[in-house]
Amino acid sequence: TELLPQCSPNKLNGLYLASNNFSGMLSDWIGRWTSLLILDFSFNKISGHVPPEIGLLNSLLTLDLGNNRLTGHVPSDISMLSNLTDMDLSSNNLSGVITHEHLAGLTRLRAIDLSRNSLKIVVDPEWLPPFTLEYASFASCHMDPLFPSWPRSQTDIGELIISSASIFDRLPDWFVTTFQNSYGLDISNNGINGTLPTYLENM
């Protein structure tokens with residue numbers, strides 16, 4: 001069955017259905033809710049895929065579909081959410097590749113959580129994110145064996161989690177400078193090697 005709330009799609013600003021026992025699927029009806037600012041279906045039993053129509057919610061500030069049973073690929077249409085500040089798709093069964101096409105339009109993004117899925121993050125080493133993150137978690141996502149270069153531009157990030165991300169490399173020389181004001185860094189369960197960076201005490 002499909003989850004289909006029965007109310008006017010042009011008047012609702014927030015849809016909070018978190019921490020219930022909802023099942024069913026998200027379908028193309030989601031694209032009708034163009035006035036939504038917050039969509040929170042986290043901690044339910046929602047299955048199926050993330051429909052591409054979710055990209056029509058161009059007023060959306062918060063998208064939280066974490067801790068469900070979603071499967072399939074993340075549609076690149078999610079990049080159309082240009083006002084989005086918080087995105088949580090963690091703890092699902094999502095698979096496939098996340099590229100810069102998924103992220104290019106998310107210019108206001110401040111927090112992203114894609115952890116505990118079967119996703120692969122593939123971006124060009126020279127790619128510069130269009131956003132400035134404060135929180136990012138890619139735990140258990142598969143990354144390039146080299147330490148990702150895109151976090152270098154994220155000097156405002158408070159917490160970065162890239163544990164169990166198949167990284168086999170040394171810590172880059174910009175590590176201390178970029179993360180000197182961060183309060184949480186988790187790079188555990190990777191193949192990080194070499195020596196600790198100089199001036200680590202400046203963090």
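The values are calculated or read from the model by the stated rules, or taken from the named source; none is laboratory data. Bear in mind that the values here come from a model prediction, so they are computed numbers and not experimental data. Backbone-built Cβ (ideal geometry, glycine too); neighbour counts: all protein chains shown. The accessibility values were calculated without ligands, DNA or RNA, using every heavy atom of the protein model including side chains. Shrake-Rupley method; radii C 1.70, N 1.55, O 1.52, S 1.80 Å.
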Requested in this report: Go ahead and run the numbers for FRET between residue 120 and residue 156, Cβ-Cβ distance against an R0 of 30 Å, rounding to 0.05.
Outcome: 0.70
**Report entry** chymotrypsin sites (Phe, Trp or Tyr not before Pro) restricted to the range 118-184 and DSSP loop, no more than 16 other C-beta within 10 Å
**Finding:** 127, 168, 174, 183
Report summary line: Whole-percent carbon and sulfur contribution to the accessible surface of the chain (1.4 Å, no ligands, DNA or RNA) stands at 50 percent
Query raised in the report: Given the alpha-carbon gyration tensor of the range 90-156, what are the semi-axes of its equivalent ellipsoid in whole angstrom, ordered largest first, with each equal to the square root of 5 times an eigenvalue?
Result: 18, 14, 11
Report task. Using only alpha carbon pairs under 8 Å that are at least six residues apart, calculate the relative contact order of the range 1-155 and give it in whole percent. Result -> 15 percent
Query raised in the report: For the residue pair residue 170 and residue 95, what label-to-label distance in nm results when each label sits 7 Å from Cα along the Cα-to-beta-carbon direction?
Result: 3.7 nm
Query - Helical contribution to [θ] at 222 nm, DSSP H n ≥ 4, -39,500 (n - 2.57), averaged over the chain, rounded to 500 - result: -500 deg cm²/dmol
Query raised in the report: With the other protein chains left in place, how much accessible area per residue, in square angstrom, belongs to the chain at a 1.4 angstrom probe?
Result: 49 Å²
**Report entry** Estimated FRET transfer efficiency (residue 181, residue 34; beta-carbon r; R0 41 Å; 0.05)
**Finding:** 0.65
Requested in this report: Using semi-axes √(5λ) of the Cα gyration tensor in Å as the read-out, say which of (1) 55, 20, 15; (2) 33, 17, 14; (3) 25, 22, 17 was calculated from these coordinates.
Outcome: (2)
Query raised in the report: Any idea how far apart residue 69 and residue 127 come out in nm if each label point goes 7 Å out from Cα toward Cβ?
Result: 3.1 nm
Query raised in the report: Extension gain residue 135-residue 201, at 0.36 nm per residue separation less the Cα-Cα distance, in nm?
Result: 21.5 nm
Query raised in the report: Just in the range 94-149: which GluC sites (Glu not before Pro) are loop by DSSP and have at most 12 other Cβ atoms within 10 Å?
Result: 126
Query raised in the report: Got a sec? Which residues in the range 73-92 would a label at residue 104 touch, if it sits 7 Å along Cα→Cβ and we count backbone N under 15 Å?
Result: 76-82
